[in-house]
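Note sheet for the following structure.
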Amino acid sequence: VGSWAARLMKQHGSRLLAAEDVTGAIRNEAGIDADDLDRHVRANGGVAGYPKATAVDHESFLRTKADIFIPAALENQVTHDTAGLLDVLLVAEGANGPVTPNGDAILIERRVDVLPDVMCNAGGVIVSYFEWLQNKRSEAWDLEKVDAKLRKRMNEGFERVSETALRYGTDWRTAAYIVALSHLEQVYKEHGIFP
């Protein structure tokens, strides 16, 4: 997830400053070419030893000043103990549950926005639904159609959560729950509770 996020964001002008995996952490304030790092990881099994960045410890990795931090692999990475180390404006949860409730509270207090995993990970679930639809209908959509439908759904979801966060003056995670529960309420009102 982290590798794909870095490579896709590179196409939009983002600069990768640091990366970490099970083999270690690396940083280069001038930027790391995400495609070059991907080739290194494929050849060497991890980010350790990447020649165009400096090896750093876990705490130094977390303290890297950046706009966005994307915990993309493991749950419970941003905790009560580590949330205060982050020097970022936004945390985008690429992994499932990487920010603990205590870590979330600290980030909210520090006014660091968190895009929750239910938003950031929705694309895979949506495409799985598209696959199910194609199978049910005996259809095969081309990549452009899947991409267009996915982009539309993701943008609509982002807008709903963004508007809800503003309307209720709340964080993104709570806003995402409000949107989801409101949708369930609407369905129950229209269809009743059904088996």
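For the reader, a short list of remarks on this structure follows.
- Helix 172-191 vs. the chain, principal-axis angle (Cα, 0 to 90°, nearest 10): 20
- The share of Cα pairs per 10 Å bin across the chain, counted from zero up to the longest distance, runs 8, 29, 32, 21, 8, 2, 0 percent.
- Fraction of accessible area attributable to carbon and sulfur, the chain (%, probe 1.4 Å): 54
- Nearest 10 degrees, 0 to 90: helix 143-168 Cα axis against the chain principal axis: 90
- When the C-alpha to C-alpha distance is required to be over 26 Å, the pairs from K10/K52; K65/K152; K145/K189; K10/K136 that qualify are K65/K152; K145/K189; K10/K136.
- Here the Gaussian network model covers the chain, with springs between Cα atoms less than 10 Å apart; of E163, E20, E131, E131 fluctuates the most.
- Multiplying the residue separation of R153 and V127 by 0.36 nm and removing their Cα-Cα distance gives an extension gain of 8.3 nm.
- The chain, accessible area per residue, ligands and nucleic acids excluded (1.4 Å, Å²): 64
- Nearest-ten-degree value, helix 122-137 long axis tilted from longest Cα axis of the chain: 50
- Listed residues A18, A43, A53, most fluctuating in the chain (Gaussian network, C-alpha, under 10 Å): A43
- Extension gain, V1 to L184, is 63.0 nm, computed as 0.36 nm per intervening residue step minus the present C-alpha separation.
- Across every pair of non-identical alpha carbons in the range 1-67, the mean reciprocal distance, once inverted, gives a Kirkwood radius of 11.8 Å.
The values are calculated or read from the model by the stated rules, or taken from the named source; none is laboratory data. Please read all numbers here as calculations on a predicted model, not as lab measurements. Just so you know, the surface numbers come from the protein's heavy atoms only, side chains and all, with ligands and any DNA or RNA stripped out. Shrake-Rupley method; radii C 1.70, N 1.55, O 1.52, S 1.80 Å.
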